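S.K.: Structure below; questions to follow.
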Amino acid sequence: MKALVVDFGGSHAGCGLVEDDRLLATEKIEIGSAVRLREVLPRIAESFRRLLADRATAAGSCEGVAMGLPSIVDARTGKVLDSRSKYTDAMGIDLVEWSRNEFGLSLRAMRGWRCWERVLQERRVDVRT
């Protein structure tokens with residue numbers, strides 16, 4: 001199973017294309033002191049498109065997008081509940097809609113880094129039950 005992933009850090013975002021437990025491609029985006037997520041999301045989308053093109057992979061072959069944010073996130077809905085002073089506009093952005101509009105994919109957002117590992121693990125459990 002493939003997925004597009006992004007982990008937001010304080011000064012950069014790590015974007016990647018994963019398949020099962022393997023990181024197929026990665027790109028680091030410097031975001032510096034950006035405080036608005038709306039400023040960063042277009043750069044994330046561009047990075048995802050480059051990663052997909054470099055691996056000759058269609059977005060539709062991915063299961064979805066996994067997004068790790070330095071925020072309090074409702075993992076069920078993908079909504080940011082508290083931005084924790086970084087990305088102050090995040091609570092007003094529908095990230096699920098952004099992912100659907102940009103790539104036609106579902107989105108799973110959660111707090112913390114390496115969220116894609118948790119998402120893939122949950123998917124494996126779901127498949128077995």
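S.K.: Using beta carbons and a limit of 6 Å, which pairs, at least six apart or on different chains, have the first residue in region 69-82 and farther than 19 Å from VAL35 by Cβ and the second one aliphatic (A, V, I, L, M) and surrounded by fewer than 14 Cβ atoms within 10 Å (Cβ to Cβ)?
M.R.: Matching pairs, first to second residue: ASP74/LEU81.
S.K.: When both residues are 6+ apart or on different chains and their Cβ atoms are under 9 Å apart, which pairs have a first residue that lies in region 36-64 and is among the hydroxyl-bearing types (Ser, Thr, Tyr), and a second that is in a helix (DSSP H, G or I)?
M.R.: THR57/LEU51; SER61/LEU52
S.K.: Starting from region 1-26, take each residue that is without any contact (Cβ under 8 Å) to a residue 12 or more places away in the chain and assigned to a strand (DSSP E or B) and list its partners that are of a type outside the set (A, V, I, L, M) and loosely packed, with under 14 Cβ neighbours inside 10 Å, counting only C-beta distances under 9 angstrom and pairs at least six apart or across chains.
M.R.: Within 9 Å, no pair qualifies.
S.K.: Something else about it: Got a number for residues in region 32-84 being assigned to a loop (DSSP other than H, G, I, E, B), within 10 Å of MET110 (Cα to Cα) and among the β-branched types (Val, Ile, Thr)?
M.R.: Going residue by residue through region 32-84, those that are assigned to a loop (DSSP other than H, G, I, E, B) are 32-36, 55-58, 70-71, 75-78, 83-84.
Next cut, within 10 Å of MET110 (Cα to Cα) only: 70-71, 75-78.
Among the residues that remain, those that are also among the β-branched types (Val, Ile, Thr) are: 77.
Residues that pass the stated criteria total 1.
S.K.: Taking the residues in region 10-39 that are surrounded by 13 or more Cβ atoms within 10 Å (Cβ to Cβ) and modelled with pLDDT under 85 as candidates, determine which candidate is nearest to LYS79 (Cα to Cα).
M.R.: Restricting to residues being surrounded by 13 or more Cβ atoms within 10 Å (Cβ to Cβ) and modelled with pLDDT under 85, the top hit is VAL35.
S.K.: What tally of residues in region 40-61 results from selecting those that are exposed (fewer than 15 other Cβ atoms within 10 Å of the Cβ) and within 21 Å of LYS86 (Cα to Cα)?
M.R.: 1
The values are calculated or read from the model by the stated rules, or taken from the named source; none is laboratory data. Not measured: the values here are computed from a predicted model. Here the Cβ is made from the backbone with ideal geometry for all residues, glycine too, and neighbour counts use every protein chain on show.
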